[in-house]
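Novice: Okay, here's the structure, questions in a sec.
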Amino acid sequence: MFMLPDLPYEYDALAPFISSEIQHLHHDKHHRTYVDKLNKALEKYPDWQSKSIEDIIRNLDNVPADISMAVRNHGGGHLNHSMFWEMMAPARGQEPTGALLDIIQHSFGDLINFKKEFTENAVKIFGSGWQWLVIDNKELKLMSTPNQDSPISQGKTPVLGLDLWEHAYYLQYYNKRPDYVDAWWNVVNWEEVSKRLDQSS
Ligand code: MN
């Protein structure tokens, strides 16, 4: 039985960049629905219920065929959103430092160019999906996925991810996705990104 994790901060903690209304809707309704539908899909398969969500999404090819699409969508939704909440933190002028900054500079030239490339990719995703910074063969790379697909199903480790479904921003930013992405940079939890980078090496 998978459970909806609490947000690691108050609902209004990311305001004004991400409003309390969005956080309530996004976490309490959308994320809860992914968890409920994942549990429903796994009802017949107790062996799969005891695995971690990472193990399930990493091994989608082995999920029973009759539930594989439900698990891909709702299990992916549960995993992606669980990471997403942790990848954000209240804005206090945080920027990447230390080893994380070094690897960003090595991979993208400098921080400004990294943010520019990530933002451009995020803005051009057609329809619903996610923009990621992943580790792929020990290198940092940008990656986009459609729907709720996770990079870990393709053997890559996400260290930062941005939800680009309209439900993530429409209440506050309407059709202005670039404004949402620009605002989101203020609430990136770089400490969490560093932690994920360390754990992957
Ligand atoms: Mn979402």
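The values are calculated or read from the model by the stated rules, or taken from the named source; none is laboratory data. All figures in this text were calculated on a predicted structure; none of them were measured in a lab. Here the Cβ positions follow ideal geometry from the backbone for every residue, glycine too, while neighbour counts run over all protein chains shown. SASA here: full protein model, heavy atoms, side chains in, ligands and nucleic acids out. Shrake-Rupley method; radii C 1.70, N 1.55, O 1.52, S 1.80 Å.
Novice: Select from L162, L171, L79 the residue whose mean-square fluctuation is largest in a Gaussian network model of the chain (Cα-Cα springs shorter than 10 Å).
Specialist: Checking each option, the largest mean-square fluctuation is seen for L171.
Novice: What is the gain in length, in nm to one decimal, between K44 and E21 on full extension, counting 0.36 nm per residue of separation less the C-alpha to C-alpha distance?
Specialist: Stretched fully, the K44-E21 segment lengthens by 4.7 nm.
Novice: Which of I104, Q94, F114 sits closest to the plus end of the dipole of segment 94-142, meaning its Cα is farthest towards the positive end, when Lys and Arg get +1 and Asp and Glu get -1 on the C-beta?
Specialist: The residue sitting farthest along the positive end of the dipole is F114.
Novice: How big is the shadow of the Cα convex hull of segment 98-200, averaged over all directions, in nm²?
Specialist: Hull-based average projected area comes out at 6.3 nm².
Novice: When the helices in the chain are scored as -39500 (n - 2.57) per DSSP H run of 4 or longer and the sum is shared across all residues, what 222 nm value do you end up with, to the nearest 500 deg cm²/dmol?
Specialist: Theoretical 222 nm ellipticity from helices: -11500 deg cm²/dmol.
Novice: Can you order the peptides 87-96, 16-25 by their average number of other Cβ atoms within 10 Å per residue, highest first?
Specialist: Most protected by this proxy first, the peptides run 16-25, 87-96.
Novice: Using each residue's phi in segment 127-144, evaluate 6.51 cos²θ - 1.76 cosθ + 1.60 at θ = phi - 60° and report the 3J(HN,Hα) Karplus result to the nearest Hz, with x for Gly and Pro.
Specialist: Karplus values, whole Hz, x for Gly and Pro: x, 8, x, 10, 9, 10, 10, 10, 9, 10, 6, 6, 10, 7, 9, 8, 7, 10.
Novice: How big is the charge dipole of the chain about its Cα centre, in debye rounded to the nearest 20, if each Lys and Arg gets +1 on its Cβ and each Asp and Glu gets -1 on its Cβ?
Specialist: 360
Novice: Put a dot 7 Å past each Cα toward the Cβ at W185 and D198; how far apart are the dots in nm?
Specialist: 2.6
Novice: How big is Rg to Rh over the chain, alpha-carbon atoms, Rh as the Kirkwood inverse-mean-distance radius?
Specialist: 0.96
Novice: Right, here's the next one. Extension gain E117-M69, at 0.36 nm per residue separation less the Cα-Cα distance, in nm?
Specialist: Working it through step by step, the gained length comes to 14.2 nm.
Novice: In addition: Which trypsin sites (Lys or Arg not before Pro) does segment 170-201 hold that lie in a coil by DSSP with at most 13 other beta carbons within 10 Å?
Specialist: K176
Novice: Taking just the alpha carbons, could you work out the radius of gyration and Dmax for segment 20-86, both in angstroms?
Specialist: Here Rg and the maximum Cα pair distance are 12.2, 38 Å.
Novice: Right, next: Averaged per residue, what accessible area in Å² does the chain show with a 1.4 Å probe, protein chains only?
Specialist: 50
Novice: By a straight-distance test (C-alpha under 13 Å), which aspartates and glutamates pair with K44 as possible cross-link partners, with residues fewer than eight away in the same chain excluded?
Specialist: D66
Novice: Using the Cα gyration tensor of segment 141-201, with a ≥ b ≥ c the square roots of its eigenvalues, what is the shape: rounded (a/c below 1.5), prolate (a/b larger than b/c) or oblate (neither)?
Specialist: Oblate, since a/c reaches 1.5 and b/c is not below a/b.
Novice: Evaluate the charge dipole of segment 102-201 about its Cα centre and quote only its size in Debye, nearest 20, assuming +1 on the Cβ of each Lys and Arg and -1 on the Cβ of each Asp and Glu.
Specialist: 140
Novice: Go through K29/K176; K37/K141; K115/K156; K40/K124; K156/K176 and tell me which ones have a Cα-Cα distance over 26 Å in this structure.
Specialist: Those over the limit are K37/K141; K40/K124; K156/K176.
Novice: Karplus couplings for segment 18-26 from phi (6.51 cos²θ - 1.76 cosθ + 1.60, θ = phi - 60°), rounded to Hz, Gly and Pro as x?
Specialist: 10, 6, 4, 4, 5, 4, 4, 5, 5
Novice: Taking the square root of 5 times each eigenvalue of the Cα gyration tensor, what semi-axes in Å does the equivalent ellipsoid of segment 69-135 have, largest first?
Specialist: 26, 16, 12
Novice: Here's something else I'd like to know. Of all the accessible heavy-atom surface of the chain, with the other protein chains kept in place and a 1.4 Å probe, what percent is carbon and sulfur?
Specialist: So the carbon and sulfur contribution to the accessible surface is 50 percent.
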